């Protein structure tokens, strides 16, 4: 296995929490007084969300463009409220992580725009004191599985790749992490999370 794993880097959606994209779209549609289809097109059909997640548009420009497409003001509070309404922390996954040695550093690396750095600590509030950082792809100028995204994250954290375990629900992102030199595996529920943590000697 090489160098001993000392740090834990975690994906967010479908690892620490369950996300219902349709619920988020419905919340924004209710706020704007418009249709589900119009919000979906504004976020996903237009490519706006993908550009924001990749750091190619600032938060201010992203919210301004989204509001223009929906015919209303979408500020940070509205955006975060809709995302939180559509996201539920996985209590079993959180419990498994809280049971680990407090000396094990943890951080989040997610394919999301930088506003999620505000939402995530609120969604997984019990885990917040254990997280050294919440890093979003939009802050790092790319998206997983680009190996450079993981390397930029490690640079910010001051962690070594060969001492870091990365966990994601998508195997393509696991492959990207491995190409960047990290230990990595896929998990989709708390039971799988427990198995992987034990295999790497963390639990």
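Bear in mind that the values in this text are calculations on the coordinates, not laboratory data. Keep in mind the model is a prediction, meaning the values are calculated, not measured. Positions of Cβ are generated from backbone atoms using ideal geometry, with glycine treated the same way; all protein chains shown enter the neighbour counts.
Sort out for me the Cα centre separation of the stretch 1-54 from the stretch 94-130, rounded to whole Å.
16
Could you work out [θ]222 nm for the chain from helices alone, using -39500 (n - 2.57) per DSSP H run of at least four and dividing by all its residues? Round to the nearest 500 deg cm²/dmol.
-13000 deg cm²/dmol
How many percent of DSSP beta bridges within the chain run antiparallel, rounded to 5?
Counting only bridges with both partners in the chain, antiparallel ones make up about 15 percent.
Two decimals, Cα atoms only, Kirkwood Rh: what is Rg/Rh over the chain?
In the chain, Rg relative to Rh is 0.99.
Given 0.36 nm per residue, what is the gain on full extension from residue 72 to residue 189 after removing their alpha carbon distance, in nm?
Length gained, residue 72 through residue 189: 38.4 nm.
Using Cα pairs closer than 8 Å and at least 6 residues apart in sequence, work out the relative contact order for the stretch 21-85, in percent.
Contact order relative to length: 39 percent.
Suppose the Debye formula is applied to equal point scatterers at every Cα of the stretch 78-129; what is log10 I(q)/I(0) at q = 0.28, 0.29 Å⁻¹?
-1.23, -1.27
How many nm separate the modelled label positions at residue 98 and residue 160, each set 7 Å beyond the Cα in the direction of the Cβ?
My value for the distance between the label points is 3.2 nm.
Take the alpha-carbon positions of the stretch 21-85, form their convex hull, and give its projected area averaged over all directions (one quarter of the hull surface) in nm².
Mean orientational projected area (the stretch 21-85, Cα hull): 3.7 nm².
When you have a sec, figure out the Kirkwood radius of the stretch 1-120 from all distinct Cα pair distances and drop it here in Å to one decimal?
In the stretch 1-120 this quantity evaluates to 15.8 Å.
Can you tell me, using C-alpha contacts under 8 Å and at least 6 residues apart, the relative contact order of the chain as a whole percent?
29
Kindly list the residues of the stretch 50-74 that lie in the label zone of residue 85, defined by a backbone N under 17 Å from the point 7 Å along the Cα-to-C-beta vector.
It comes to 67, 70-74, nothing else.
With r as the distance between the Cβ atoms of residue 56 and residue 23 and R0 = 25 Å, compute the FRET efficiency 1/(1 + (r/R0)^6) and round to 0.05.
Between residue 23 and residue 56 the formula returns 0.45.
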